[in-house]
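The values are calculated or read from the model by the stated rules, or taken from the named source; none is laboratory data. Every value quoted in this text rests on a predicted model; they were computed, and no experiment measured them. Here the Cβ is made from the backbone with ideal geometry for all residues, glycine too, and neighbour counts use every protein chain on show. Side chains are part of the model used for accessible areas, which takes the heavy atoms of the whole protein and leaves out ligands, DNA and RNA. Shrake-Rupley method; radii C 1.70, N 1.55, O 1.52, S 1.80 Å.
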Amino acid sequence: MKPDSKIYVAGHRGLVGSALMRRLIAGGYSNIVTRTHAELDLTNQPSVKQFFEAERPEYVFLAAAKVGGIHANNTYRADFIYQNLMIESNIIHASCRQGVKKLMFLGSSCIYPKFSPQPMKEEHLLTGLLEPTNEPYAIAKIAGIKMCDAYNRQYGTNFMSAMPTNLYGPGDNYDPQNSHVLPALIYRMHKARMEGAKEVVVWGSGLPKREFLFSDDAADACVYLMEKYNASEIGEFVNIGVGKEIAIHELAELIADVVGFQGELVFDKSKPDGTPRKLLDVSRMRALGWQAATDFREGITRAYTDYRKNVFKAV
Ligand SMILES: NC(=O)C1=CN([C@@H]2O[C@H](COP(=O)(O)OP(=O)(O)OC[C@H]3O[C@@H](n4cnc5c(N)ncnc54)[C@H](OP(=O)(O)O)[C@@H]3O)[C@@H](O)[C@H]2O)C=CC1
Ligand SMILES: C[C@H]1O[C@H](OP(=O)(O)OP(=O)(O)OC[C@H]2O[C@@H](n3cnc4c(=O)[nH]c(N)nc43)[C@H](O)[C@@H]2O)[C@@H](O)[C@@H](O)C1=O
């Protein structure tokens, strides 16, 4: 990518999209094209076609998607599969038709089987049954990987896929029901501290383990791949993570410490645990010369600072 290359960031106001914007601007890229959801509904094929014909972007970061935590994935199952299939189909197809030089598709670590060997290597894709709570979303993400691969093979495109682990950072979704665990616990513990509540509810048993990557590190990895590699050099897709996991009860204790909540944690076992472990093998990305930079506690502190500055005040 050259400093004046035309780059389209789909989903530029989201967690990853906003981090991509920060990273691209800091990297000297000055010709970035964006559209809000209200301006361009990416599930609408004619609108996406028209947008690509008018703007003719050279590089595309596909960070727009229907995203949410375990409850949202499990509840809005049709929305998750329909919207994600439509968004990725429309953008990937239009990118091929308009001769986009390179595209980066963002999937998720939930593409792997529920009981995949740990840490999960790229070759573990499609070797077992998926976690039921997010199966529709995972199927859409697997379809995205396979679309990029199919277009590369049939049409000679250069479409890459990256599978990030669970992400967090500034601009996250803090909805108490529909967000992921880390922002949900920041929201709940901050509220409890402000209200002097004695306990905070944590969903599930607290025993599942997850891996967390700061959104700016995820964006850095995506830009790194786009700048330095072609699809043929990275394999069908590449994992993006930190290679370390933490149990949800330990995560809750860490967030309580950062937020300053000193009450009790109560585990609500009526809520789903989801997949027991989801640790990525990040050796392929390390071999490509990249690794995450942000310390976990430091990342949570930055997310919490952003929450207090930009979200808590607004509600
Ligand atoms: N967050 C995480 O933990 C993880 C995320 N990922 C992946 O990373 C990518 C980015 O996720 P993240 O940044 O967290 O998600 P966000 O929900 O924060 O952002 C998604 C963006 O996509 C936009 N969008 C959604 N639907 C449409 C649509 N129909 N038309 C136009 N724009 C739309 C949203 O706009 P609006 O809000 O206005 O609808 C929003 O700006 C996704 O592909 C996700 O699957 C992968 C692993 C973990
Ligand atoms: C990144 C990935 O993330 C999603 O999968 P997930 O990892 O299961 O997502 P999660 O962050 O919502 O939960 C992680 C764990 O944490 C527990 N948990 C405790 N307390 C809260 C809580 O308050 N909220 C939530 N959401 N979870 C909680 C929860 O019970 C679970 O055991 C995919 O659907 C999909 O979106 C995807 O791609």
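The set of residues from segment 100-115 being surrounded by 19 or more Cβ atoms within 10 Å (Cβ to Cβ) and either hydrophobic (A, V, I, L, M, F, W, C) or within 11 Å of ligand 2 (Cβ to nearest atom) (or both) comprises VAL100, LEU103, MET104, PHE105, LEU106, GLY107, SER108, SER109, CYS110, ILE111, TYR112, LYS114. The residues of segment 25-47 that are touching a residue at least 24 places away in the same chain (Cβ under 8 Å) and more than 9 Å from ligand 1 (Cβ to nearest atom), listed by number, are GLY27, GLY28, TYR29, SER30, ASN31, ILE32, VAL33, THR34, GLN45.
Which of the residues that make up segment 81-120 are in a helix (DSSP H, G or I) and closer than 27 Å to ARG284 by Cβ?
Step one: of segment 81-120, the residues in a helix (DSSP H, G or I) are 81-97, 109-111.
Selection gives ASN84, LEU85, ILE87, GLU88, SER89, ILE91, ILE92, SER95, CYS96, SER109, CYS110, ILE111.
Only residues that are within 14 Å of ligand 1 (Cβ to nearest atom) and open to solvent by less than 20 Å² (accessible area, probe 1.4 Å) were counted across segment 53-68, and they come to 5. On inspection, SER232 fails the criterion of being small (Gly, Ala, Ser), outside any helix (DSSP H, G or I) and open to solvent by 60 Å² or more (accessible area, probe 1.4 Å).
Could you please tell me which pairs satisfy a Cβ distance under 6 Å, a separation of 6+ or placement on different chains, a first residue in segment 174-196 that is under 28 Å from CYS110 (Cα atoms) and of a type outside the set (Lys, Arg), and a second residue that is in a loop (DSSP other than H, G, I, E, B) and within 7 Å of ligand 2 (Cβ to nearest atom)? Taking only residues 6 or more apart or on different chains, the pairs are ASN178/GLY68; SER179/GLY69; HIS180/GLY69.
Of all the criteria given as (1) away from ligand 2 (no atom under 16 Å from the Cβ); (2) under 16 Å from ASN239 (Cα atoms); (3) not in a helix (DSSP H, G or I), the one not satisfied by LEU167 is (1). For the structure I just gave you, tell me whether ARG97 is free of Cβ contacts under 8 Å to residues at least 40 places away in the same chain, farther than 18 Å from TYR224 by Cα and either basic (Lys, Arg) or crowded, with 23+ Cβ neighbours inside 10 Å (or both). Considered against the rule, which asks whether it is free of Cβ contacts under 8 Å to residues at least 40 places away in the same chain, farther than 18 Å from TYR224 by Cα and either basic (Lys, Arg) or crowded, with 23+ Cβ neighbours inside 10 Å (or both), ARG97 comes out as no.
Residues of segment 184-200 that are loosely packed, with under 14 Cβ neighbours inside 10 Å, not in a helix (DSSP H, G or I) and not acidic (Asp, Glu): GLY196, LYS198.
Can you work out which of the residues in segment 131-141 that are surrounded by 19 or more Cβ atoms within 10 Å (Cβ to Cβ) and in a helix (DSSP H, G or I) is farthest from ligand 1 (Cβ to nearest atom)? Give the derivation first.
Taking segment 131-141 first, the residues surrounded by 19 or more Cβ atoms within 10 Å (Cβ to Cβ) are 131, 133-134, 136-138, 140-141.
Filter once more, keeping what is in a helix (DSSP H, G or I): 133-134, 136-138, 140-141.
Numbers: THR133: 14, ASN134: 10, PRO136: 12, TYR137: 7, ALA138: 10, ALA140: 9, LYS141: 7 Å.
Filtering first and then ranking leaves THR133.
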